[in-house]
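Undergrad: For reference, the structure I am asking about is given below.
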Amino acid sequence: MTAGANGAPTEKREFLTDEEQNKALHDAKIVVKQQGLAMQRCLDQNNLMEALKHASNFISELRTSLLSPKNYYVLYIEAFDQLRNLESYLLEEKHGKKMAELYELVQYAGNILPRLYLLVTVGSAYIKLKEAPARDVLRDLVEMCRGIQHPTRGLFLRTYLSEVTKDKLPDIGSEYEGRGGNTKDSVEFILVNFTEMNKLWVRMQHQGSARERERRELERSELRLLVGKNIARLSQLEGVDLATYQKLVLPKLLEQINSCKDVIAQQYLMEVIIQVFPDDFHLHTLDAILQSCATLQPGVNIKSILVGLMDRLSNYVARGENISPELRVFETFSSKIGLIVEQQKGIPTEDVLAIEASLLNLSISCYPDKLDYVDTIFKFASDVLAARKEDGSKPLVVKQILHLLNTPLDTFKNILTVLRLQNYHLVIQYLNYDSRKRVALNITRTAIQHTPSIGEAEGVNKLLEWISPLIQSESPQQEIIDDDDFAEEQNLVASLVHLFENKDPEQLFAMYTVARTHLSKGGPKRIKYLLVPLIFRALRLAIRLKRTEEEDEGWLQKAQKVFVFAHEVTTALSKTELHEVSVRLFLQCAQAANTCGDSFETIAYEFVKEALVIYEDHISGSAAQLNAIVLIIGTLQSLSIFSEDNYETLTTKTALYASKLLKVPDRCRAIYLVTHLFWTPNSEQKKDDKRVLEAIRKAIKVADTYLDSAVKNDLFVEILNECLYYFENACESITANYVSGLIALIDAKSQEMDTSEEAFRSKQGYVNTLNFIRSKKESDPRYGEIEIKSS
Amino acid sequence: MNFFRSVLGGAAKIDIALKDAAERQVVEIPTSQEGKTEKLPLYIENEAVVGSVSITIDNSSKKLEHMGISVALVGVIKMNGNIHEFMNIVKDLEPAGILTENKSYDFNFETNDRSYESYNGINAFLNYYVRVNISRSMATKITKQIEFWQRNYSNPPDTNSNIKMEVGIEDCLHIEFEYNKSKYHLKDVIIGKIYFLLVRLKIKTMNISLLKRETTGSGPDVYNENRTLSKFEIMDGAPVRGEAIPVRLFLGGFDLTPTYKDVVNKFSVTYILNLVLVDEDDRRYFKQREIVLWRKADRAKKYTRIEGAQTYEEGLPTDGGRSPDEE
């Protein structure tokens, strides 16, 4: 090969400025219009040779290198319209020439671009007139177009080829089928054209200087439709059935996508394939398409490709289509995604997780019963997170993990289904504490809203393990802010206890035991929310066991165990600062033990004793003390289980505490309330009327020491009312005489009262009481003996 | 003038008529004068040259004294002002005497060897004539000649291998080109491919031009005259490694002759395909290769299929030697 310098090197030019571009485009368009008109005139005069010259002239405008792809497109369209006129003329056959002759004739043109545009135009007419088999013409045209290696010009020439031949492709049901060829010929034709166009398109990035690369890539991107149209055209061929697609179309497409090694092209073309071909085709070619994803260039957004594909298939199923199990869709995706992630180290973790999330959706839509598929996905996700040493510090990763974790909750709703997953929680651990708490909340909410009940200890264990961020702090540093949100969250967890349900008391108890282990971990601020419902539930269980006493001989032991449990839990609570609650709970326990019958006396005694001990050791505020005393009295009064000795011990202790209250009104009231422990109307045991009288006297004495006359009057009236109760129920020590004396005492004391508003109201209470006695006098002769002096 | 003729033995007019002139194919030949053409009867190979000569005696002289009348078939090469008759076959029509009335003679050059074609070249011309001479003693002879155009057909060449060459500039550009034949008839199509094996240049365009080279003289006086008959762009833009660019050049539209080698040891006409690559700095890289042209017997052209489309059917390697039909 000989080299010879010829002519001075031309100045290398970048694209022109926008203004210069517009000018160049404008000028070129004018030429195209003028020459197009001239061509049309010649055609009207049936002077084909001259017309071809004009056509060649306006096509020559497309030889420019000055225009940006976008402007070149505008010019191309202009020329395209003119060429369609030429083709119409050729089809009218007024020229009297054989198409073969014309086909040769246009090939004498010295410049290749006009030559090929004309050749394609004539070729198109050649096919249309059926003077040659479509197949031969198509093959020839697509081959000859190789002469244009300039990316933009080549791309548009081939676009022209593709456009004018699109209605002339031999295909099933087309008029060009048969002698003109068959679908396979059309497929070959489009594939070759596609391959060449893609090569040119990819090559566009190397035009011009590196400085403008970004802009060029943008412009190149705008032309992607031209390349993609070929794939769409393949999908429109009637004769492209599954077999053809599988054996011919897809392998060729993938081969080109793979070998072009261009990020933009690979991304776009994969997406087009997924878009344009039917779901059924994809289902049968998953292997191939996923395999090729593994070899795409780094930088290709594989996530969007895979997600696109899987979402498509999910929708396919959602429309009611069935996927044959033989296709092993899940297995294929699962294993290939593994391969892809392994080979494409550059896929960000959040993308891998998004892919898995899509697979999860697909799996759930296609195989709603296959929980092991879901499990596989979580296993994979956790492996990826482990391999990539994720620590929950990347917001995007966290977002995807949360999405992945929420999907089974949103889908299965019933928490029992989710609990059956072996690997779900493995993924949770890659989140930080706050995120794990969010997951835990979601799990809890889902359980409460959608799960009728949880029936196994194992399930309880798992559930509470999963939501452990709500139950305990991760480290001592994490401070709990006991605000409304916290309360709401803890109440939510607490209400989980109500879901635990099993007809078998033993199993239910096992669940409570498990729950206790978890729920006790959280420290005072949490257990005050979490343990209380557990105690109530346990007591309910004990009472339930009592109801089975006729069928189940062992109920006693079982119930005992439950009470021991309740005792332990309450004791645990009492060790914190929650004394009042503990007192209340112990009394509650005692009541339950009472319900269960005599066998539980000791237990009940123990419970009340615990309440008293806590009272003594820890309850200090006077209001709290009064409340506790009232509660203790009320409870003791309602219990029927105790032996005399035990009862005596407890009541004595209670009376003692009552008499030690500091505030006078509190002490007075406690003392007169204690009377109920000595004498109860229908009880045979509690008939110690002497102690009632004793206590009443003591109460009067205490009240009398108080200085505020209105309050003092109140206390006297209250004691009077108390006495009326005993008189009504015929307690022997409280006689009409005694009541009369009390009324006289109150009358005497009321002289001392001032005229304040409190005093007036207090008096009114007294008047009401007296009115009651008066009304009683009319019906009950016993009341007649009560003397009322004042008016 | 008439006076002299009558004085010096009379005057006469010669007409030469070729047989079947009306039916015979004529060819339009550019003359040595720029832009002018003439139409000449066409004779193929050793076809007999048959015709008649009529002598018309000038009315004023009534008789013609002559030293003999003859007709000759003459082949002439004109080159740089020199004329060389390489053929001159003479037939006597009339012995010396006096012709008193108009007379016609038939002639028939039945056996002769016209193995050279008529040729109007740049510096060289080869022409055939039928020439009639009336020799006279005292006066100049009366001569009339008419030209006819000679063409010879060849049989298809026995061997016609394709042309395949790998050329290049080291580490810069390697291409392999392939033309389907080495010998083409004048209405033939050159079909070929250019394979780019290595491309490190920014190529802008690639052309094929068909050169005609007319060689005259011999030894130290040899002189070459080159003409570019066509410049044909076959590629636009920069190819990358692995591209195969198709070549299809129809010869029918050009004014071509067969290849002539050493015609009467006077001149030769050869044809050369010149492949030219031009890079972005307008540097040109080229490779020339001679092809042989031959004249094929005319026959009615039938368009049964696309010229050149046999690229596929006849297995001329397309890209990678794979034809799309194999699967």
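The values are calculated or read from the model by the stated rules, or taken from the named source; none is laboratory data. The structure displayed is predicted, hence computed values, not measured ones. Every residue, glycine as well, gets a Cβ built from its backbone with ideal geometry; the counts of neighbours run over all protein chains shown.
Undergrad: Only one of these is touching a helix residue (DSSP H, G or I) at 6+ places or on another chain (Cβ under 9 Å), without any contact (Cβ under 8 Å) to a residue 60 or more places away in the chain and farther than 24 Å from A:W201 by Cα: A:L66, A:L102. Name it.
TA: After ruling out the rest, the residue left standing is A:L102.
Undergrad: Hey, among A:A387, A:A447, A:A381, which residue is closer than 22 Å to A:I364 by Cβ, outside the structural domain of A:K528 (by TED's automatic domain parsing) and small (G, A, S)?
TA: Every option except A:A381 fails the conditions.
Undergrad: Of all residues in the range A:703-730, how many are part of a helix (DSSP H, G or I) and within 15 Å of A:I746 (Cβ to Cβ)?
TA: Matching residues across the range A:703-730 total 18.
Undergrad: Something else about it: Quickly run through the range A:219-264 and pick out the residues that are charged (D, E, K, R) and either assigned by TED's automatic domain parsing to the domain that holds A:H282 or in a helix (DSSP H, G or I) (or both).
TA: A:E219, A:R220, A:E222, A:R224, A:K229, A:R233, A:K247, A:K252, A:E255
Undergrad: Moving on to the next point. Would you be able to tell me the number of residues in the range A:376-394 that are within 21 Å of the chain's Cα centre (by Cα), surrounded by fewer than 18 Cβ atoms within 10 Å (Cβ to Cβ) and among the acidic types (D, E)?
TA: Qualifying residue count, the range A:376-394: 1.
Undergrad: With the structure loaded, tell me whether A:L129 is farther than 17 Å from A:L43 by Cα, in contact (Cβ under 8 Å) with a residue 24 or more places away in the chain and not small (G, A, S) or whether it fails that test.
TA: Yes.
Undergrad: Restricting the first residue to the range A:5-30 and requiring it to be at pLDDT 85 or above, which pairs with a second residue that is of a type in the set (V, I, T) meet a Cβ separation below 8 Å and a spacing of at least six or different chains?
TA: Taking only residues 6 or more apart or on different chains, the pairs are A:A24/A:T64; A:L25/A:V74; A:A28/A:T64; A:K29/A:V74.
Undergrad: Could you grab me the full set of residues in the range B:105-135 that are assigned to a loop (DSSP other than H, G, I, E, B) and free of Cβ contacts under 8 Å to residues at least 60 places away in the same chain?
TA: Scanning the range B:105-135 gives a single hit, B:S115.
Undergrad: Also, I was wondering about something else. Kindly indicate whether any position in the range A:134-153 is within 14 Å of another protein chain (Cβ to nearest Cβ) and farther than 23 Å from B:A244 by Cβ.
TA: Yes, the range A:134-153 has at least one match.
Undergrad: Does the range A:473-484 contain any residue that is in a helix (DSSP H, G or I), crowded, with 16+ Cβ neighbours inside 10 Å and not hydroxyl-bearing (S, T, Y)?
TA: The answer is no, given that none of the residues of the range A:473-484 is in a helix (DSSP H, G or I), crowded, with 16+ Cβ neighbours inside 10 Å and not hydroxyl-bearing (S, T, Y).
Undergrad: If you don't mind, there's one more thing I want to ask. Tell me yes or no: at least one residue of the range A:538-553 is in contact with a Ser or Thr (Cβ under 9 Å, 6 or more places away or on another chain) and closer than 21 Å to A:N432 by Cα.
TA: Looking for residues that are in contact with a Ser or Thr (Cβ under 9 Å, 6 or more places away or on another chain) and closer than 21 Å to A:N432 by Cα, one finds none in the range A:538-553, hence no.
Undergrad: Given the options A:L405, A:L441, A:L409, A:L416, name the one that is assigned by TED's automatic domain parsing to the domain that holds A:K525, touching a helix residue (DSSP H, G or I) at 6+ places or on another chain (Cβ under 7 Å), among the hydrophobic types (A, V, I, L, M, F, W, C) and in a helix (DSSP H, G or I).
TA: Result of the check over A:L405, A:L441, A:L409, A:L416: A:L441.
Undergrad: If a residue must be in a helix (DSSP H, G or I), more than 7 Å from chain B (Cβ to nearest Cβ) and out of contact with any His (no Cβ under 8 Å at 6 or more places or on another chain), how many such residues does the range A:95-111 contain?
TA: Summing the residues that are in a helix (DSSP H, G or I), more than 7 Å from chain B (Cβ to nearest Cβ) and out of contact with any His (no Cβ under 8 Å at 6 or more places or on another chain) in the range A:95-111 gives 3.
Undergrad: Oh, and also: Tell me yes or no: at least one residue of the range B:68-79 is at positive phi, assigned by TED's automatic domain parsing to the domain that holds B:A21 and of a type outside the set (A, V, I, L, M).
TA: yes
The rows are residues; the columns are (1) in a loop (DSSP other than H, G, I, E, B); (2) more than 30 Å from A:Q207 (Cβ to Cβ).
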residue: B:R227; (1), (2): no, yes
residue: B:F232; (1), (2): no, no
residue: B:A238; (1), (2): yes, no
residue: B:P246; (1), (2): no, no
residue: B:G253; (1), (2): yes, yes
residue: B:L256; (1), (2): yes, yes
residue: B:D262; (1), (2): no, yes
residue: B:Y285; (1), (2): no, no
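Undergrad: Condition (residue is more than 45 Å from the chain's Cα centre (by Cα), within 12 Å of chain B (Cβ to nearest Cβ), surrounded by fewer than 21 Cβ atoms within 10 Å (Cβ to Cβ) and not acidic (D, E)) applied to the range A:184-197: is it met by at least one residue?
TA: Yes; the residues of the range A:184-197 include at least one that is more than 45 Å from the chain's Cα centre (by Cα), within 12 Å of chain B (Cβ to nearest Cβ), surrounded by fewer than 21 Cβ atoms within 10 Å (Cβ to Cβ) and not acidic (D, E).
Undergrad: Here is a further query. Identify, please: which residue in the range A:655-677 is touching a Ser or Thr at 6+ places or on another chain (Cβ under 7 Å) and assigned to a helix (DSSP H, G or I) and is, among those, farthest from A:I743 (Cα to Cα)?
TA: A:L677
So that you can scan it fast, the table gives a plain yes or no per residue for (1) hydrophobic (A, V, I, L, M, F, W, C); (2) touching a residue at least 60 places away in the same chain (Cβ under 8 Å); (3) closer than 16 Å to A:V374 by Cα:
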{"site": "A:N414", "(1), (2), (3)": "no, no, yes"}
{"site": "A:N423", "(1), (2), (3)": "no, no, yes"}
{"site": "A:L431", "(1), (2), (3)": "yes, no, no"}
{"site": "A:I443", "(1), (2), (3)": "yes, no, no"}
{"site": "A:Q449", "(1), (2), (3)": "no, no, no"}
{"site": "A:E456", "(1), (2), (3)": "no, no, no"}
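Undergrad: Kindly establish whether B:T205 is surrounded by fewer than 19 Cβ atoms within 10 Å (Cβ to Cβ), among the β-branched types (V, I, T) and either at the interface with another protein chain (Cβ under 9 Å from one of its Cβ atoms) or within 22 Å of A:E104 (Cβ to Cβ) (or both).
TA: no
Undergrad: Hey, any hits in the range A:285-294 for a residue that's surrounded by 19 or more Cβ atoms within 10 Å (Cβ to Cβ), modelled with pLDDT of 90 or more and charged (D, E, K, R)?
TA: no
Undergrad: Name the residue, out of A:L118, A:L129, that is over 60 Å from the mean Cα position of the chain (by Cα), at pLDDT 95 or above, more than 9 Å from chain B (Cβ to nearest Cβ) and within 18 Å of A:E92 (Cα to Cα).
TA: That would be A:L118, the only listed residue that is over 60 Å from the mean Cα position of the chain (by Cα), at pLDDT 95 or above, more than 9 Å from chain B (Cβ to nearest Cβ) and within 18 Å of A:E92 (Cα to Cα).
Listed here are the residues, each with its yes/no results for (1) modelled with pLDDT of 90 or more; (2) facing another protein chain (nearest Cβ under 8 Å); (3) surrounded by fewer than 15 Cβ atoms within 10 Å (Cβ to Cβ); (4) touching a Gly at 6+ places or on another chain (Cβ under 6 Å).
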{"residue": "B:R241", "(1), (2), (3), (4)": "yes, no, yes, no"}
{"residue": "B:D255", "(1), (2), (3), (4)": "no, no, yes, no"}
{"residue": "B:T259", "(1), (2), (3), (4)": "yes, no, no, no"}
{"residue": "B:V263", "(1), (2), (3), (4)": "yes, no, no, no"}
{"residue": "B:T270", "(1), (2), (3), (4)": "yes, no, no, no"}
{"residue": "B:L275", "(1), (2), (3), (4)": "yes, no, no, no"}
{"residue": "B:D279", "(1), (2), (3), (4)": "yes, no, no, no"}
{"residue": "B:R283", "(1), (2), (3), (4)": "yes, yes, no, no"}
{"residue": "B:F286", "(1), (2), (3), (4)": "yes, yes, no, no"}
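Undergrad: Among what's in the range B:214-225 and is in a strand (DSSP E or B) and among the charged types (D, E, K, R), pick the residue that is farthest from the other protein chains (Cβ to nearest Cβ).
TA: My answer is B:E214.
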